[in-house]
Amino acid sequence: MSRDSIFISDIMVECVVGVYPEERTRTQPLRVDLSLEVDTSLAGRTGRLLDAVDYARVTEEVSTVLKFREYRLLETAAEELCAMLLSLHPAAVSVQLTIEKPEALVGRARSAGVRVDRSNDDYPRRWEHPDFGEVEVVYESSEAGLYLLHVEPGRQIPPHHHEVMRELEWVARGELHRDGKLIKAFSPMAWPQGRTHCYENNSGARATVFCCDTPPFIPQDEISDGGQS
């Protein structure tokens, strides 16, 4: 086990969260603290961001998923965020995460929340093998699914759309053409239902897309659009 960690405090995100009717129609603040257990010695020696866990990127990932998902329970958010972070940052051994809901008990308490501690062992993976490469099923619940789509060189995820699922995606590793545009950096896209999208790997190395579907992936909702893009 590593003796090191990186931590981020007070990530503030405005999002839809809660089970009561009045909470489903407005945003409210969430506060997230997290710590990733990771060996920092290589980055310490080289001084290269490539050898470190980029805490700016981690913050963007957490904020983007929270804004997209519209959670009912903080427990669900905590599980999904931990599974996502451990899949996207394989150098991390474990993650400790706290989510606070400052407006949960107004007038009775300053804040309420959930604190969890998870490792990769808590999220066993399974693999599927479509034509474009591999799908790594990271985590699925009754509400959503998290997936890594590994696209091999010269392959593509063909043009398609969804009529039931809402989908959030970004290029996590490597480079891909998304709808004909080269994507290298963090550039998340929340695809509305009915919007055609596709990915092509024109590089010489495998590339990976992080995907969050809500509800979890429905095979019959992967609707082919032929040559459209």
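The values are calculated or read from the model by the stated rules, or taken from the named source; none is laboratory data. All figures in this text were calculated on a predicted structure; none of them were measured in a lab. Every residue, glycine among them, receives a Cβ derived from its backbone with ideal geometry; neighbour counts consider all protein chains shown.
Of LEU74, LEU30, LEU66, which residue is farther than 26 Å from VAL209 by Cβ, aliphatic (A, V, I, L, M) and surrounded by 18 or more Cβ atoms within 10 Å (Cβ to Cβ)?
After ruling out the rest, the residue left standing is LEU74.
Provide a single number: the residues in segment 1-22 that are within 17 Å of GLU143 (Cα to Cα), free of Cβ contacts under 8 Å to residues at least 60 places away in the same chain and either of a type in the set (S, T, N, Q) or part of a strand (DSSP E or B) (or both).
Selection size over segment 1-22: 1.
Please verify whether segment 125-142 includes one or more residues that are aromatic (Phe, Trp, Tyr), outside the structural domain of ALA92 (by TED's automatic domain parsing), part of a loop (DSSP other than H, G, I, E, B) and out of contact with any Cys (no Cβ under 7 Å at 6 or more places or on another chain).
yes
Tell me whether segment 213-229 contains one or more residues that are in a strand (DSSP E or B), touching a Leu at 6+ places or on another chain (Cβ under 8 Å) and aliphatic (A, V, I, L, M).
No, that holds for no residue.
Within segment 189-210, track down each residue that is closer than 15 Å to PHE132 by Cα and within 17 Å of the chain's Cα centre (by Cα).
Of everything in segment 189-210, those that are closer than 15 Å to PHE132 by Cα and within 17 Å of the chain's Cα centre (by Cα) turn out to be ALA207, THR208, VAL209, PHE210.
Residue by residue through segment 15-37, note down the ones that are touching a strand residue (DSSP E or B) at 6+ places or on another chain (Cβ under 6 Å) and either farther than 14 Å from LEU74 by Cβ or not assigned by TED's automatic domain parsing to the domain that holds LYS101 (or both).
Within segment 15-37, THR27, SER35, LEU36, GLU37 qualify.
Is there any pair linking a residue in segment 173-186 that is under 16 Å from ARG155 (Cβ atoms) to one that is among the basic types (Lys, Arg) and surrounded by 15 or more Cβ atoms within 10 Å (Cβ to Cβ), with Cβ under 8 Å and at least six apart or on different chains, and which?
Listed pairs, sorted by first residue: ARG173/ARG206; GLY174/ARG206.
Only one of VAL116, VAL53 is in a loop (DSSP other than H, G, I, E, B) and assigned by TED's automatic domain parsing to the domain that holds VAL38. Can you tell me which?
On the way: VAL116 fails: in a loop (DSSP other than H, G, I, E, B).
Every option except VAL53 fails the conditions.
Which of the residues that make up segment 1-21 are modelled with pLDDT of 90 or more and surrounded by fewer than 13 Cβ atoms within 10 Å (Cβ to Cβ)?
So in segment 1-21, the residues modelled with pLDDT of 90 or more come out as 4-21.
If the condition is that a residue be modelled with pLDDT of 90 or more and surrounded by fewer than 13 Cβ atoms within 10 Å (Cβ to Cβ), then PHE7, SER9, ASP10, MET12, VAL19, TYR20, PRO21 are the ones that fit.
Quick check: is even one residue across segment 64-85 under 26 Å from ALA207 (Cα atoms), of a type in the set (S, T, N, Q) and within 17 Å of the chain's Cα centre (by Cα)?
Taking every residue of segment 64-85 in turn, at least one turns out to be under 26 Å from ALA207 (Cα atoms), of a type in the set (S, T, N, Q) and within 17 Å of the chain's Cα centre (by Cα).
Looking at ARG126, ARG110, which one is surrounded by fewer than 20 Cβ atoms within 10 Å (Cβ to Cβ) and either under 20 Å from ALA207 (Cβ atoms) or modelled with pLDDT of 95 or more (or both)?
The match here is ARG126.
Just one of (1) touching an Asp or Glu at 6+ places or on another chain (Cβ under 7 Å); (2) aliphatic (A, V, I, L, M); (3) modelled with pLDDT under 95 trips up ALA185, so point out which.
(1)
Let me spell it out: the conditions are (1) touching a residue at least 24 places away in the same chain (Cβ under 8 Å); (2) of a type outside the set (D, E, K, R); (3) in a strand (DSSP E or B); (4) farther than 21 Å from ILE223 by Cα, and CYS198 meets all of them except one. Which number is the exception?
(4)
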